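Asker: Sending over a structure as structure tokens; questions will come in a sec.
The values are calculated or read from the model by the stated rules, or taken from the named source; none is laboratory data. On a predicted model such as this, the values are computed, not experimentally measured, just so you know. Neighbour counts run over all protein chains shown; Cβ positions are idealised from the backbone, glycine included. Protein only, heavy atoms only, side chains kept; ligands, DNA and RNA dropped before computing areas. Shrake-Rupley method; radii C 1.70, N 1.55, O 1.52, S 1.80 Å.
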Amino acid sequence: MAMAPTVKVVLGSIAFAIFWVLAVFPAVPFLPIGRTAGSLLGAMLMVVFRVLTPDQAYAAIDLPILGLLFGTMVVSVYLEKADMFKYLGQLLSWKSKGAKDLLCRISMISAVSSALFTNDTSCVVLTEFVLKIARQHNLPPHPFLLALASSANIGSSATPIGNPQNLVIAVQSKIAFGSFVLGILPAMLVGVVVNILILMCMYWKLLSSPQKDEEDATAEVVADDDVISHRFSPATMSHFTSLNSQEWNSRLESANMRNSPDMNGHVNHVETLRNRINSSESEICSATSGVFESARDSSASKEVTNDASLQKGEETVSSAWVESMDRSRDLSSIQLPEGDFATKWKRMLWKSCVYLVTVGMLIAMLMGLNMSWTALTAALALVVLDFKDARPCLEKVSYSLLIFFCGMFITVDGFNKTGIPSAFWDFMEPYAHIDHAAGIVILALVILVLSNLASNVPTVLLLGGRVAASAAVISAAEEKKAWLILAWVSTVAGNLSLLGSAANLIVCEQARRAPLFGYNLSFWKHLKFGAPSTIIITAIGLVLIR
């Protein structure tokens with residue numbers, strides 16, 4: 001592609017530069033509008049500067065990628081609702097044999113879950129749990145946070161649905177799901193193991209003699225019960241009348257476990273509840289009659305005093321009534337075990353259906369069916385199976401991320417129209433042929449640098465077609481290899497620095513904002529580990545990818 005007129009090149013570069021700054025540094029002092037608004041601003045400037053026409057801007061939006069991303073996010077929401085991520089978290093703490101064992105588990109679980117449910121989703125739901133586990137065992141959090149983020153990035157490279165840039169590559173390259181997995185899986189498995197070894201070598205002393213960092217020495221220790229009962233879904237406050245019998249039963253059982261060590265104690269506790277309810281009803285009657293009797297007998301001279309007594313009596317009635325209703329609901333849950341049993345089995349059946357639909361989605365993708373429509377079909381199947389208003393689940397979808405992608409597609413397409421990416425690749429192409437080792441190394445370095453400067457998804461959008469076209473001249477096999485190298489390097493490049501991947505930023509922000517046990521993962525701590533890890537693991541993948 002020839003270079004566009006100078007005015008269009010300059011204006012298109014300004015629009016892209018604004019988008020890049022706001023995407024990498026979303027809270028810059030002169031324009032703290034965030035990534036999503038920044039992508040829309042870049043897209044709008046491309047149209048205002050006449051780098052793109054409005055029709056070209058709409059055409060630049062890749063609907064299959066948006067559909068695939070939306071579908072996988074909805075499926076992830078229902079998997080979270082079915083306690084999938086809670087089970088993954090409990091697996092971390094099950095029969096743990098020390099800090100090194102915990103580090104290996106975090107890395108493996110993060111890698112596998114990221115390959116299936118995207119790296120961003122895994123980091124969102126696992127970061128707080130990893131922090132709790134570290135605090136509970138009085139361990140320094142940063143090796144485990146690094147293991148979570150880096151393994152999520154490496155693991156997500158193995159599948160087309162593991163991260164956004166792989167979605168772009170899978171749609172543009174038309175590589176089958178199974179072929180994509182087989183091409184990168186060996187590199188991913190070896191990369192995760194090597195990543196663990198690098199973490200072990202760098203933090204062996206810390207993991208051998210656990211001690212807290214000086215900067216978080218005041219953090220509170222997390223109790224065992226807090227870790228076991230941890231939930232990944234956002235906490236909500238519900239009125240007590242909205243809770244079902246199963247929830248009340250679980251609360252009562254937990255209270256009995258704390259108060260009564262055996263069945264006799266359980267029966268006594270139930271009898272105590274009956275007595276309390278009876279006494280509460282008596283209190284309500286006596287309090288009510290006392291209040292209104294005193295109101296009738298009050299004189300004008302004591303009006304203020306009686307008003308105060310009336311208010312106090314009403315508060316007593318209200319609190320006694322609420323307490324009585326609370327206890328009666330607890331008691332009813334014990335007296336009707338059949339309903340609770342049926343509810344439990346309905347819940348288990350629904351969760352099994354969620355897992356089956358998810359497995360079916362993965363199998364369909366492996367068979368080569370359209371990934372976007374497969375994900376959307378699975379998402380709608382889960383909505384129907386839930387048989388409830390889907391709004392609470394759909395509200396958990398990151399629509400801001402979808403909007404960010406829309407703006408990014410337009411902005412990147414406008415920057416491509418300036419001719420700068422084509423000119424850059426025309427300069428590098430003679431040195432980056434993938435039919436010899438030196439060319440592969442140069443190609444990897446170009447992708448590595450651009451992925452950290454312009455982020456990995458824009459890099460894939462900018463270079464993907466050009467790299468593939470160059471490799472296609474050699475052979476179809478080399479074209480496929482070029483796409484897989486682009487997927488591997490652009491994904492692993494996210495481990496280089498804290499700003500290299502959205503997953504890194506998610507872990508950093510989630511850890512920093514965690515209540516009571518928050519931790520600040522600094523840019524330099526990440527870079528100290530990320531630089532050697534990225535270089536070594538990238539090189540290993542280049543050797544193994546076929």
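Asker: What are the lysines whose alpha-carbon lies under 24 Å from the alpha-carbon of residue 8, with same-chain residues fewer than 8 places away excluded?
Answerer: Residue 8 reaches 417.
Asker: Another question, if that's okay. Just need the relative contact order of the stretch 422-472 here, percent rounded to a whole number, with Cα pairs under 8 Å and 6+ apart. Before the final figure, lay out the partial values.
Answerer: Values: 27 pairs, mean separation 16.3, N = 51.
Taking the mean separation of contacting Cα pairs over the length of the stretch 422-472, I get 32 percent.
Asker: May I pose another question? Using the Karplus curve 6.51 cos²θ - 1.76 cosθ + 1.60 with θ = phi - 60°, what ³J(HN,Hα) values do you get for each residue of the stretch 50-55, in whole Hz, with x for Gly and Pro?
Answerer: Values, residue by residue: 6, 6, 10, 7, x, 5 Hz.
Asker: Can you tell me how much longer the chain between residue 441 and residue 362 gets when fully stretched, taken as 0.36 nm per residue apart minus their C-alpha distance, in nm with one decimal? Mind showing how you got there, number by number?
Answerer: Numbers: separation 79, 0.36 × 79 = 28.44 nm, distance 3.32 nm.
That pair, residue 441 and residue 362, stretches by 25.1 nm at full extension.
Asker: Let me ask something else. Computed FRET efficiency, Cβ-Cβ of residue 423 and residue 56, R0 22 Å: what is it to the nearest 0.05? Spell out each step's value before the answer.
Answerer: Working: r = 20 Å, r/R0 = 0.92.
Calculated value: 0.60.
Asker: Also, I was wondering about something else. In the stretch 447-532, carbon and sulfur make up what percent of the accessible area (probe 1.4 Å)? Can you show the working numbers first?
Answerer: Values: 1960 of 2990 Å².
Answer for the stretch 447-532 is 66 percent, counting heavy atoms of protein chains only.
Asker: If you count, for each residue, the other Cβ atoms within 10 Å and average over each peptide, how do 64-72, 45-53 line up from highest to lowest?
Answerer: Details: 64-72: 21.2, 45-53: 19.0.
Highest mean packing first, the order is 64-72, 45-53.
Asker: Determine, from the Cβ-Cβ distance of residue 523 and residue 342 and an R0 of 45 Å, the FRET efficiency 1/(1 + (r/R0)^6), rounded to the nearest 0.05.
Answerer: Numbers: r = 53 Å, r/R0 = 1.19.
FRET efficiency, residue 523 to residue 342: 0.25.
Asker: Another question, if that's okay. Cα-Cα over 20 Å: which of 81/388; 97/528; 174/481; 95/351; 95/344; 97/132?
Answerer: Too far apart for the 20 Å limit: 97/528; 95/351; 95/344.
Asker: Report the label-to-label distance for residue 453 and residue 380 in nanometres (one decimal), using points 7 Å from each Cα along the Cα→Cβ vector.
Answerer: 4.4 nm
Asker: Cα centroid distance between the stretch 87-163 and the stretch 489-522, in Å?
Answerer: With the stretch 87-163 and the stretch 489-522 each reduced to a Cα centre, they are spaced 13 Å.
Asker: Which is farthest toward the positive dipole end of the stretch 1-131 among 47, 20, 115, measuring Cα position about the Cα centre, with Cβ charges +1 (Lys, Arg) and -1 (Asp, Glu)?
Answerer: 115
Asker: Compare the peptides 113-119, 191-197 by average per-residue count of other Cβ atoms within 10 angstrom and give them in order, highest first.
Answerer: Result, highest mean Cβ count within 10 Å first: 113-119, 191-197.
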